[in-house]
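Peer 1: My questions all concern the structure below.
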Amino acid sequence: MPAPSTRADESHDPSLVATPARRHRALPALLAAPLACTAVALAGPPELQPRMSDPLAGLTALQLDRFLAGRNDYLHTFSVEEGLGPIFNKESCGNCHNNPIGGTGSQTVTRFGATDKKGKGFDPLAWAGGPLLQSQAIEIGCEEVVPAFATVTTFRVTNGMLGYGLVEAIPDADLLANELSPPAPFISGRAHIAPVLENPGETRVGRFGWKAQLATVLSFSGDASGNEVGITNRLLPHEQEANGPGGKGAVIPCDTVADPEDGPDGEGMDFIDRITDFQRFLAAPPQTPKSGMTGEAHFLAVGCGYCHTPSFVTADDPSLEDAIRNQAIRPYSDFLLHDMGINADFFPQGDAGEREMRTPPLWGLRVRDPLWHDGRFGGGTFEERVDLAIQAHGGFGSEAIQVVANFNALMPSEKTELYRFLDSLGRREFDADGDGDVLMADFLSFVDCLAGGTSDPDDPCAVHDLDGDGVIDLSDFAGFVVAWDGAFTDCNENGILDLADIVYGTSVDADGDWIPDECQAAPCPGDLTGSGDVGLGDLLQLLANWGPCPGCPADLDESDEVDFNDLLLLLTYWGPCP
């Protein structure tokens, strides 16, 4: 197996990728394999994990149409005439949930409230425009501000909705099981029983939002549309008033569109139903490799899995779509509330206390920047952000103090393995350089790993082991071709990607430029300047190389010397190239 230093490593360092020439030199031995391997490879690769922001695998054509229609609405920028505001935070859903579309974001919103001085608890200041500050308004005089009498403020960074149709389908009983039987004596996760906005009087275990304050995707859609965009709907039919009725900037005089502003389109679908389709049908983030990393063993051994529960199985409910029903998922969250001590947001919401925060799912973690509920850990390297977030779990009063102590007791090499596991959460198959796409650098990495042949889950080459059998071979490469994000170049028009022709041995690439030789024009002897003809410039070039010149292009007779014989040959080629 090639030395690790020749491969794309798990820490996003493209400098560790081997050179094209080195990889290409390894290819001839690979192509000695019998052509039967090609037939196996082309028979059909194992199914790739969807990319982040892709639809769930297994959707019907109708469901995929609903996903795409919902995506269009999710990205739609509302105008004032359509009902935007009058107070709002963003003009579209995708403006905040943009890493990727439907995922997390770096934007924060402000929440404010007050602690009652008489000891009567927390006041969300709904009468004064709280608890959410809408930071923008459609015109001067409608603006909202944090009132001077607010004593509690906090920031919240944008959550993601990837895979959340699957999360919605986790049975309540499975989430409650972790509350009823805590995984450790010092863990006290608690379910937030939240109202189902679309069915007044119904409650479910909450699972969406930093306080698990919402239980369904449709509830999330209605809540966010009304509060963040100012689009009133059947779940939130009334406008938010800036700083309360009659207060500074009361929005009623600014509101020129009748409520609710969301209503059925030409197909009878409301906006909140469209975006719910998009969010319910979003695939879960990929995880590569899917299992077996030593870092995950450390993750579980120190106790991270007590709250970041690795896996669930969605309900086997006939009313659910097949793509959602009875699916094994790995969100790495119990979706319960936990006491985070001094590093909580100190902002009660619903039944969630001031120090309680929902366990955020870790799938897709590798692309998140910033981290923590208020986005306090941003920038730097992935390892730096993750380490800061881990240490924050150990603040005074947190349930996770012992877990952080266990983590800090790991050897540096073990911590590195744990970071690499976390970096697998959101990585695409074949994305060796970790930049989110599968292009030439990833191809070169694959060829290098193909030369090595075998891989284990901790090896950087595991990103190419699509079928997880520990062997990097042509059957994996068939999957690489499917994952390829570059242009589909087929210069010989045989229906196969040119790079695949070279790897499978159906085309020769003697010069190592990764272009099939049959697709390149035959060289014009004597055209030393590449001008398309043989003339004075080529004669001068030949004379400039007169004498011993092994491998020199001017050595037309390949005698290792440019001499009179080469001059005669040049003259025979004189004129336009054929």
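Quick note: the coordinates plus some simple rules give every number you see, no bench work behind them. Keep in mind that what you see is a predicted model, and the values were worked out from it rather than measured. Glycine also receives a Cβ, built like all others from the backbone with ideal geometry; neighbour counts cover every protein chain displayed.
Peer 1: Run through all the Cα pairs of the range 201-342 and give the fraction in each 5 Å bin from 0, expressed as whole percent.
Peer 2: 2, 7, 12, 16, 15, 14, 12, 8, 6, 5, 2, 1, 0
Peer 1: Moving to a separate point now. Based on the mean of other Cβ atoms within 10 Å per residue, sort peptides 203-209, 536-542, 464-470, 570-576 so the most packed one is first. Numbers along the way, then the final one.
Peer 2: Working: 203-209: 22.3, 536-542: 16.3, 464-470: 20.1, 570-576: 13.6.
Highest to lowest by the protection proxy: 203-209, 464-470, 536-542, 570-576.
Peer 1: Then there is this: As I understand it, the dipole of the range 490-560 uses +1 on the Cβ of Lys and Arg and -1 on the Cβ of Asp and Glu, about the Cα centre. Which of P516, L540, V503 lies farthest toward its positive end?
Peer 2: Value computed over the given set: L540.
Peer 1: Is there a quick way to get the dipole size of the range 119-269? I mean about its Cα centre, with the Cβ of Lys and Arg at +1 and of Asp and Glu at -1; what is the value in debye to the nearest 20? Walk me through the numbers before you get to the answer.
Peer 2: Details: 8 positive and 20 negative charges, 162 e Å.
Dipole magnitude for the range 119-269 comes out near 780 debye.
Peer 1: Now for a separate question. Using a Cα distance threshold of under 23 Å, what count of lysine pairs results for the chain when pairs must be 8 or more residues apart or interchain?
Peer 2: Values: K90/K211; K90/K248; K120/K211; K290/K415.
Within the chain, the lysine pair count is 4.
Peer 1: Among 161-169, 325-333, what's the highest-first ranking by average C-beta atoms within 10 angstrom per residue? Working shown, then result.
Peer 2: On the way: 161-169: 24.6, 325-333: 18.8.
Answer by packing, highest mean first, reads 161-169, 325-333.
Peer 1: Given labels modelled 7 Å from the Cα in the Cβ direction, how far is it in nm from R325 to D387?
Peer 2: 4.9
Peer 1: Distances longer than 22 Å among the Cα atoms of the range 384-519: what percent of all pairs is that?
Peer 2: The proportion of pairs with Cα distances above 22 Å equals 50 percent.
Peer 1: Also, I was wondering about something else. Could you work out how much longer the chain between S559 and T115 gets when fully extended? Use 0.36 nm per residue separation minus the Cα distance between them, nm to one decimal. List each step's numbers first, then the result.
Peer 2: Details: separation 444, 0.36 × 444 = 159.84 nm, distance 9.18 nm.
Result: 150.7 nm gained on full extension.
Peer 1: Tell me the relative contact order for the range 383-501 as a rounded percent, counting alpha carbon contacts under 8 Å between residues six or more apart.
Peer 2: Values: 106 pairs, mean separation 18.7, N = 119.
This gives 16 percent for the range 383-501.
Peer 1: Read through the labelled values (i) 30.1; (ii) 27.4; (iii) 26.8 and report the label of the one computed as Kirkwood radius over Cα pairs in Å from the structure.
Peer 2: Working out Kirkwood radius over Cα pairs in Å from the coordinates points to (ii).
Peer 1: Oh, and also: Using Cα pairs under 8 angstrom and six or more residues apart, how large is the relative contact order of the chain, in percent? Intermediate results must be reported in sequence, preceding the final value.
Peer 2: On the way: 1170 pairs, mean separation 96.6, N = 578.
Over the chain, the number comes to 17 percent.
Peer 1: For the range 257-290 and the range 542-565, what is the separation of their Cα centres, given in Å?
Peer 2: One Cα centre to the other: 70 Å.
Peer 1: Which one, P195, H97, G163, is farthest towards the positive end of the dipole of the chain when Lys and Arg carry +1 and Asp and Glu -1 on their Cβ?
Peer 2: P195
Peer 1: Along the three principal axes, how long is the range 75-116 when you take its alpha carbons, biggest first, rounded to the nearest angstrom?
Peer 2: Reported extents, whole Å, longest axis first: 41, 28, 10.
Peer 1: In what sequence do E558, E228, E139 fall when counting other Cβ within 10 Å, fewest first?
Peer 2: Numbers: E558 10, E228 21, E139 14.
So the residues, fewest neighbours to most, are E558, E139, E228.
Peer 1: Quick check on the exposure proxy: order H238, H97, H393 from fewest to most C-beta atoms within 10 angstrom. Mind showing how you got there, number by number?
Peer 2: Details: H238 9, H97 25, H393 20.
Taking fewest neighbouring Cβ atoms as first place, the list is H238, H393, H97.
Peer 1: Sticking with this structure for a sec: Could you state the per residue volume, in Å³, of the convex hull enclosing the Cα atoms of the range 533-576? List each step's numbers first, then the result.
Peer 2: Details: hull volume 2.5 nm³, N = 44.
It comes to 56 Å³ per residue, whole-number rounded.
Peer 1: Also, quick follow-up: What is the dipole size for the range 135-198, taken about its Cα centre, with +1 at each Lys and Arg Cβ and -1 at each Asp and Glu Cβ, in debye to the nearest 20?
Peer 2: For the range 135-198, the charge dipole is close to 300 debye.
Peer 1: Continuing with this model, one more query. Which Cα, out of L133, F335, G230, lies furthest along the positive dipole direction of the range 61-343 (beta carbon charges, K/R +1, D/E -1)?
Peer 2: Checked the options; the winner is F335.
Peer 1: At R0 = 22 Å, how high is the FRET efficiency between I401 and A173 if r is their beta carbon distance? Nearest 0.05 is fine. Walk me through the numbers before you get to the answer.
Peer 2: Working: r = 30 Å, r/R0 = 1.35.
FRET efficiency, I401 to A173: 0.15.
Peer 1: Still on this structure, please answer the following. To the nearest 20 debye, what charge dipole does the chain have about its Cα centre, counting +1 at the Cβ of each Lys and Arg and -1 at the Cβ of each Asp and Glu? Could the numbers behind the result be given before it?
Peer 2: Details: 34 positive and 89 negative charges, 609 e Å.
Using Cβ point charges on Lys, Arg, Asp and Glu, the chain gives about 2920 debye.
Peer 1: Another one. Seen from all sides and averaged, what is the projected area of the convex hull of the Cα atoms in the range 61-343, in nm²? Please report the intermediate quantities before stating the final value.
Peer 2: On the way: hull surface 69.3 nm².
With the hull built on Cα positions only, its mean projection is 17.3 nm².
Peer 1: Counting other Cβ atoms within 10 Å, which trypsin sites (Lys or Arg not before Pro) in the range 77-117 have at most 14 and lie in a DSSP loop? If you can, show how the numbers build up before the last one.
Peer 2: Details: sites: K90, R111, K117; in loops: K90, K117.
In loop regions of the range 77-117 (DSSP not H, G, I, E or B), the sparsely surrounded trypsin sites (Lys or Arg not before Pro) are K117.
Peer 1: What are the ³J(HN,Hα) couplings of the range 127-137, residue after residue, when phi is run through the Karplus curve with 6.51, -1.76, 1.60 and θ = phi - 60°? Round to Hz, x for glycine and proline.
Peer 2: 6, 10, x, x, x, 9, 7, 8, 7, 10, 9
Peer 1: Collect residues whose amide H, placed 1.01 Å from N in the peptide plane, falls under 5 Å from the amide H of V534; neighbours closer than 5 in sequence don't count.
Peer 2: Residues meeting the criterion, in which the H sits 1.01 Å from N, are G575, C577.
Peer 1: Helix-only mean residue ellipticity at 222 nm, the chain, DSSP H runs n ≥ 4 weighted -39,500 (n - 2.57), per residue, nearest 500. What is it?
Peer 2: On the way: 17 runs with 157 residues, N = 578.
Theoretical 222 nm ellipticity from helices: -7500 deg cm²/dmol.
Peer 1: How large is ³J(HN,Hα), in whole Hz, for each residue of the range 222-235 in order, when computed from phi with the Karplus curve 6.51 cos²θ - 1.76 cosθ + 1.60 and θ = phi - 60°, using x for Gly and Pro?
Peer 2: Listing the rounded values in order: x, 5, 5, 4, x, 8, 8, 10, x, 9, 5, 8, 5, 8 Hz.
Peer 1: Taking θ = phi - 60°, what integer Hz values does the Karplus form 6.51 cos²θ - 1.76 cosθ + 1.60 yield along the range 304-313, in sequence order, with x for Gly and Pro?
Peer 2: Each residue of the range 304-313 in turn: 4, x, 4, 9, 7, 4, x, 9, 9, 10 Hz.
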